[in-house]
1. Kindly establish whether residue 374 is over 21 Å from the mean Cα position of the chain (by Cα) and either over 25 Å from residue 165 (Cα atoms) or assigned to a loop (DSSP other than H, G, I, E, B) (or both).
2. Can you tell me which condition residue 334 does not meet? The list is (1) surrounded by fewer than 22 Cβ atoms within 10 Å (Cβ to Cβ); (2) under 15 Å from the mean Cα position of the chain (by Cα), and all the others hold.
3. Of everything in segment 213-235, what is surrounded by fewer than 21 Cβ atoms within 10 Å (Cβ to Cβ), at pLDDT 95 or above and under 22 Å from the mean Cα position of the chain (by Cα)? Give them in sequence order.
4. Is it the case, given these coordinates, that residue 124 is free of Cβ contacts under 8 Å to residues at least 12 places away in the same chain and on the phi > 0 side of the Ramachandran plot?
5. Determine, yes or no, whether residue 246 is touching a helix residue (DSSP H, G or I) at 6+ places or on another chain (Cβ under 8 Å) and over 22 Å from residue 42 (Cβ atoms).
6. Restricting to helices (runs of 4 or more DSSP H) lying wholly in segment 1-118: which have 3 or more residues that are over 22 Å from residue 166 (Cα atoms) and at pLDDT 95 or above?
7. Any chance you could count how many residues in segment 19-38 are touching a helix residue (DSSP H, G or I) at 6+ places or on another chain (Cβ under 7 Å) and under 24 Å from residue 368 (Cα atoms)?
8. For residues that are more than 17 Å from residue 18 (Cβ to Cβ) and out of contact with any helix residue (DSSP H, G or I) (no Cβ under 9 Å at 6 or more places or on another chain), scanning just segment 54-108, find the one that is surrounded by the most Cβ atoms within 10 Å (Cβ to Cβ).
């Protein structure tokens, strides 16, 4: 039986995180280093130092690696509290893509790779990228991978063009997905590689203009040309990249939902405060049925999202893979929270489309959430496929 009761220490921790974000992080939302391409590395470093001083760094990583070691259910409360500002997860070192990359490295990296690449990430000393998406190639369908890693028996030569590579500019831990063609020297297939960001052959061509700005250093176009990596730089097994990508995505799509629930709650708070003091036609906006219905719809949606998130977090803590459930949550939560943000813009009226509040930024950033880690349509297709396979609308957790 699912128990949604949060332990008193978890409640206290979430309040502590919320207070930290309000007192120490929100003042940076007007910092010029929060650019149209996201926070700069300099801003990130300053925020991370604040979280480190508060003992709130990397809540998702194991204690043995220097993290706080929280299970998924605790993360649900902590990440929501951190998401009260889009800079909160950046400060606490639990933002995408680093959070998902840490999870993956913790599952499949060799001990020497953990020491070189993962442990400094957990400490907040370096950032990472997951270089998969390609123009015309891998994306929501990673099997369309075009980047190649030709193996000559001694090393792999990686060639290809990637884009929408989040945080590429300045990242030091690189996870690269490339296809190893058939060769006489060893196995082939989609493969993950692990290397330092300053390895010759990694060329960051430009940072893309995008509608969101909550990811450190934005999204880049990256060309791999003359990139040579040895067999020891393979992450996991050759040919297993698609399986590893799915391993990473199930919890990562859930933590996206946790963080954005916090942002939606912030937007609702701002809209509610505005509706209380702004008057129109002789009374406060909140007393107009059209407005208070929107506020009620937001509260209903966020309650449903919170329950869905916590249920799937509970399943993961029971060692259930929960791929089906995480797809349901990602599809449902991303759509519902975007509606919440949209209604908050509507309630705020003219200022809702300006930078006078953070709601406009949350609205734009939330639009990307509907696409990242799989668009809604891909998840719905996976959900329907599972229903067809099981022949029931009440499938067992998977």
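The values are calculated or read from the model by the stated rules, or taken from the named source; none is laboratory data. Owing to the predicted nature of the structure, the values given are computational and were not obtained by experimental measurement. In this analysis, Cβ positions are derived from the backbone assuming ideal geometry, glycine residues included, and neighbour counts consider all displayed protein chains.
1. no
2. The failed condition is (1).
3. 221
4. No; evaluated as a whole, the condition is false for this residue.
5. yes
6. It comes to 8-20, 41-53, 72-82.
7. The total comes to 6.
8. Only one residue fits best here, namely 64.
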